[in-house]
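The values are calculated or read from the model by the stated rules, or taken from the named source; none is laboratory data. As the structure is a prediction and not an experimental result, all values here were calculated from the model. For neighbour counting, all protein chains shown are included, and Cβ atoms are generated from backbone atoms with ideal geometry for every residue, glycine included.
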Amino acid sequence: MNLQPAPLIILHKPQLGENIGSVARVMLNFGLSQLRLVAPRDGWPNSAAEPLSAGAFDSGLCVEVFATVEAAIGDLKTVIAATARPRGMEKIVQDAVSAAETAALAPADTGIVFGSESSGLPSDVVGLADVIMTYPVNPDFASLNLAQAVGVFCASWGASLGRQGRFEGTNEGVGELAPRIDLIRMFEHFEDELERAGYFYPEDKTKLMKTNIRNGFIRGNWTVQEVRTFRGAIKALALGRGKARIKQ
């Protein structure tokens, strides 16, 4: 797949500087760096945006301000409008994943337009878009915070690039998986102590109970260190039980 540069995020008449700052932060989290503001209510720059941006404005995120949406999208070839409301328009409707793929495959610059906090996008702005993007939200509570709405698309864009979570595909910080013999010895150690505690009752159910316990442990993908730690815990519990009997 030949990916185009990251799409622009366009906020139509945003109201709160805090939301603009939060949008900037989540954009840069996922590698989008071009933000356009259409007639922001409190003007721009806005000091309220800086704290919630987490430094995004000083880390490569670029902000442009436009008086009208027509000016903001005038140089774009593909426009996607985010809206939670049906509009009765003959347009392609996509979710965030499909919209990210559309943006990735678009032949030229693409913009994703989000509406204001209070009223979303007006129909005349949606009418200028090629695609409507909507999310599978609760129909009885469909209102998303502006930065949350932008974040859903940005995460989908990141996934469209093949990016993984920071810990996917690695064992960093996890440790070496335990050999099966270590697990078996741990099982036997644990089961011996359970036998001494009288856990396996009735006797004819012992085999099934042991199998159920082992199945649960197997699913945990135990590491060498986790096995050592758990066997130490078994030993400590066994010693503690012995001390309790001696005291009695």
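Between Q148, Q164, the distinction of being within 30 Å of A96 (Cα to Cα), at pLDDT 90 or above and surrounded by fewer than 15 Cβ atoms within 10 Å (Cβ to Cβ) belongs to Q148 only.
If you check E18 against the conditions, is it of a type in the set (D, E) and in contact with a Leu (Cβ under 6 Å, 6 or more places away or on another chain)? It is true that E18 is of a type in the set (D, E) and in contact with a Leu (Cβ under 6 Å, 6 or more places away or on another chain). Might you let me know whether region 3-22 holds any residue that is more than 21 Å from T102 (Cα to Cα), out of contact with any helix residue (DSSP H, G or I) (no Cβ under 8 Å at 6 or more places or on another chain) and of a type in the set (D, E, K, R)? Checked against the condition, which is being more than 21 Å from T102 (Cα to Cα), out of contact with any helix residue (DSSP H, G or I) (no Cβ under 8 Å at 6 or more places or on another chain) and of a type in the set (D, E, K, R), region 3-22 yields at least one hit.
Is it fair to say P40 is in contact with a Pro (Cβ under 6 Å, 6 or more places away or on another chain) and either farther than 22 Å from V137 by Cα or of a type outside the set (A, V, I, L, M, F, W, C) (or both)? Judged against the criteria, P40 is a match.
Scanning region 168-200 for residues that are modelled with pLDDT under 90 and hydroxyl-bearing (S, T, Y) returns a single hit, T170.
Taken over region 174-190, the residue count meeting the criterion of being farther than 14 Å from N215 by Cα, of a type in the set (A, V, I, L, M, F, W, C) and touching a helix residue (DSSP H, G or I) at 6+ places or on another chain (Cβ under 9 Å) is 2. Checked against (1) out of contact with any strand residue (DSSP E or B) (no Cβ under 9 Å at 6 or more places or on another chain); (2) part of a loop (DSSP other than H, G, I, E, B), G232 passes all but a single condition, namely (2).
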